[in-house]
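Trainee: First the structure, which I've put down as structure tokens, then a few questions once you've had a look.
The values are calculated or read from the model by the stated rules, or taken from the named source; none is laboratory data. Owing to the predicted nature of the structure, the values given are computational and were not obtained by experimental measurement. As a convention, Cβ positions derive from the backbone with ideal geometry for all residues, glycine included, and neighbour counts pool all protein chains shown.
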Amino acid sequence: MRTSYLTVSRNARIEIEERRSTFIGFCQPLADEDEAIAFVSGIRAEFPDATHHVYAWLLGGDRQLQKYSDDGEPQGTAGIPVLDVLRKSGIENAGIVVVRYFGGVLLGGGGLVRAYGKAASMALEAALPITMQLSCRYRIVVPYTYIDKLKFQLENEGFWIGSTEYGLDVEFVVGAKPEHVDRMLEICTDQTAGSALIEEADRAFVPLPPPDPPPDSTN
């Protein structure tokens with residue numbers, strides 16, 4: 001099972017001109033095959049008068065899938081160069097569509113490869129590649145006496161602190177990389193003299209480094 005992967009963080013659009021032809025590149029993160037198909041269909045619907053709608057997408061995880069289309073361009077000059085941008089960048093769960101409006105000047109095979117590759121690379125860069133890291137999230141319940149010291153120690157060692165609830169005791173969520181779970185449990189036990197109640201909540205991929213604590217969906 002993978003513990004991290006590289007993808008893109010947002011939808012992006014770029015536009016370039018090569019010898020009078022206009023190339024419009026789109027890139028976005030994708031969760032599954034249905035979303036990939038919808039992404040391509042949406043661009044086709046938005047630009048129905050375009051000469052070509054070249055695309056490639058790549059899904060990772062347990063079920064690895066990839067697909068591309070030259071959409072009428074000479075074989076190997078469009079879809080493969082776009083797919084290569086994803087593969088050579090190590091990007092998963094993302095797709096790129098490059099729309100072309102023909103400008104009347106033939107680019108030749110090499111020119112097409114360069115133009116589609118350039119548009120795809122620019123779209124990918126604009127979509128901001130990020131690393132997604134698997135986080136194991138735990139629900140921790142401790143007496144008020146220990147909460148400040150415990151949170152300080154966890155944060156000092158790089159663990160992610162999520163939502164906190166104050167009742168008879170203090171309950172909060174902490175996230176750890178799978179390989180660091182044992183250390184997190186050790187800290188919770190040592191800093192609370194063994195009084196902490198610890199329960200695994202779930203596992204989820206979060207951006208690395210996370211801009212904020214992972215969202216708590218366990219309530």
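Trainee: Quick check on this structure: which one of Glu73, Glu17, Glu46 is of a type in the set (D, E, K, R), out of contact with any Ser or Thr (no Cβ under 8 Å at 6 or more places or on another chain) and buried (at least 19 other Cβ atoms within 10 Å of the Cβ)? Break it down into steps so the answer makes sense when it comes.
Mentor: On the way: Glu17 fails: buried (at least 19 other Cβ atoms within 10 Å of the Cβ); Glu46 fails: buried (at least 19 other Cβ atoms within 10 Å of the Cβ).
Criteria check complete, one pass: Glu73.
Trainee: In the range 40-78, which residues are under 30 Å from Ala204 (Cα atoms) and assigned to a loop (DSSP other than H, G, I, E, B)?
Mentor: Gly60, Gly61, Asp62, Arg63, Gln64 - these are the residues of the range 40-78 that are under 30 Å from Ala204 (Cα atoms) and assigned to a loop (DSSP other than H, G, I, E, B).
Trainee: Here's another thing I want to ask about it. From Lys88, Lys118, Lys149, which residue is surrounded by fewer than 22 Cβ atoms within 10 Å (Cβ to Cβ), out of contact with any Phe, Trp or Tyr (no Cβ under 7 Å at 6 or more places or on another chain) and closer than 23 Å to Ser41 by Cα? Working first, answer last.
Mentor: Working: Lys88 fails: closer than 23 Å to Ser41 by Cα; Lys149 fails: closer than 23 Å to Ser41 by Cα.
The unique qualifying residue is Lys118.
Trainee: Moving on. Could you tell me whether the range 55-76 includes any residue that is within 15 Å of Pro129 (Cβ to Cβ), in the same structural domain as Ile14 (by TED's automatic domain parsing), aliphatic (A, V, I, L, M) and in contact (Cβ under 8 Å) with a residue 60 or more places away in the chain?
Mentor: Within the range 55-76, not a single residue is within 15 Å of Pro129 (Cβ to Cβ), in the same structural domain as Ile14 (by TED's automatic domain parsing), aliphatic (A, V, I, L, M) and in contact (Cβ under 8 Å) with a residue 60 or more places away in the chain.
Trainee: For the range 90-110, state whether one or more residues are closer than 16 Å to Arg10 by Cα, aliphatic (A, V, I, L, M), in contact with a strand residue (DSSP E or B) (Cβ under 9 Å, 6 or more places away or on another chain) and in a loop (DSSP other than H, G, I, E, B).
Mentor: Taking the range 90-110 as the starting set, the residues that turn out to be closer than 16 Å to Arg10 by Cα are 91-97.
Now narrow it down to the ones that are aliphatic (A, V, I, L, M): 91, 94, 96-97.
In the following step, the residues that additionally are in contact with a strand residue (DSSP E or B) (Cβ under 9 Å, 6 or more places away or on another chain) were identified as 91, 94, 96-97.
Narrowing further to those that are in a loop (DSSP other than H, G, I, E, B): none.
No, that holds for no residue.
Trainee: Arg139 versus (1) surrounded by 15 or more Cβ atoms within 10 Å (Cβ to Cβ); (2) touching a helix residue (DSSP H, G or I) at 6+ places or on another chain (Cβ under 8 Å); (3) under 30 Å from Ser9 (Cα atoms); (4) not assigned by TED's automatic domain parsing to the domain that holds Ala94: which is the lone unmet condition?
Mentor: Of (1) surrounded by 15 or more Cβ atoms within 10 Å (Cβ to Cβ); (2) touching a helix residue (DSSP H, G or I) at 6+ places or on another chain (Cβ under 8 Å); (3) under 30 Å from Ser9 (Cα atoms); (4) not assigned by TED's automatic domain parsing to the domain that holds Ala94, only one is false for Arg139: (2).
Trainee: When you scan the range 177-200, do you find a residue that is under 30 Å from Ala12 (Cα atoms) and touching a strand residue (DSSP E or B) at 6+ places or on another chain (Cβ under 6 Å), even just one? Steps first, answer last, please.
Mentor: Looking only at the range 177-200, we keep the residues that are under 30 Å from Ala12 (Cα atoms), and these are 177.
Adding the requirement that they be touching a strand residue (DSSP E or B) at 6+ places or on another chain (Cβ under 6 Å) leaves none.
Within the range 177-200, none of the residues are under 30 Å from Ala12 (Cα atoms) and touching a strand residue (DSSP E or B) at 6+ places or on another chain (Cβ under 6 Å).
Trainee: Could you check the range 24-77 and list, in sequence order, the residues that are in contact with a strand residue (DSSP E or B) (Cβ under 7 Å, 6 or more places away or on another chain), farther than 23 Å from Thr7 by Cβ and hydrophobic (A, V, I, L, M, F, W, C)?
Mentor: Phe47, Ala50
Trainee: Just to be sure, is Phe39 surrounded by 15 or more Cβ atoms within 10 Å (Cβ to Cβ) and in the same structural domain as Tyr116 (by TED's automatic domain parsing)?
Mentor: Details: surrounded by 15 or more Cβ atoms within 10 Å (Cβ to Cβ): yes; in the same structural domain as Tyr116 (by TED's automatic domain parsing): yes.
In short, yes.
Trainee: Considering the range 163-211 alone, what residues qualify as being part of a strand (DSSP E or B) and more than 31 Å from the chain's Cα centre (by Cα)?
Mentor: Quick first cut of the range 163-211, residues part of a strand (DSSP E or B) only: 163-166, 170-176, 197-208.
Listed by number, the residues that qualify are Tyr166, Val170, Leu197.
Trainee: Scan (1) in contact with a strand residue (DSSP E or B) (Cβ under 7 Å, 6 or more places away or on another chain); (2) modelled with pLDDT of 90 or more; (3) within 30 Å of Ile96 (Cβ to Cβ) for the single condition Lys151 breaks and write down its number.
Mentor: (3)
Trainee: Restricted to the range 97-115, and to residues that are crowded, with 19+ Cβ neighbours inside 10 Å and among the hydrophobic types (A, V, I, L, M, F, W, C), which residue is nearest to the chain's Cα centre (by Cα)?
Mentor: Step one: filter the range 97-115 for residues crowded, with 19+ Cβ neighbours inside 10 Å, giving 97-100, 107, 112-113, 115.
Restricting the remaining residues to those that are among the hydrophobic types (A, V, I, L, M, F, W, C) gives 97-99, 107, 112-113, 115.
Details: Val97: 17, Val98: 20, Val99: 23, Leu107: 34, Leu112: 28, Val113: 26, Ala115: 25 Å.
Top of the filtered list is Val97.
Trainee: Can I ask one more? Being at pLDDT 95 or above and either under 30 Å from Glu179 (Cβ atoms) or not assigned by TED's automatic domain parsing to the domain that holds Val113 (or both) is the filter here; which residues of the range 11-31 pass it?
Mentor: Of everything in the range 11-31, those that are at pLDDT 95 or above and either under 30 Å from Glu179 (Cβ atoms) or not assigned by TED's automatic domain parsing to the domain that holds Val113 (or both) turn out to be Pro29, Leu30.
Trainee: Another question about this same structure. Return a yes/no flag: does the range 174-186 have any residue that is in contact with a Leu (Cβ under 8 Å, 6 or more places away or on another chain), aliphatic (A, V, I, L, M) and without any contact (Cβ under 8 Å) to a residue 60 or more places away in the chain.
Mentor: Looking through the range 174-186, at least one residue is in contact with a Leu (Cβ under 8 Å, 6 or more places away or on another chain), aliphatic (A, V, I, L, M) and without any contact (Cβ under 8 Å) to a residue 60 or more places away in the chain.
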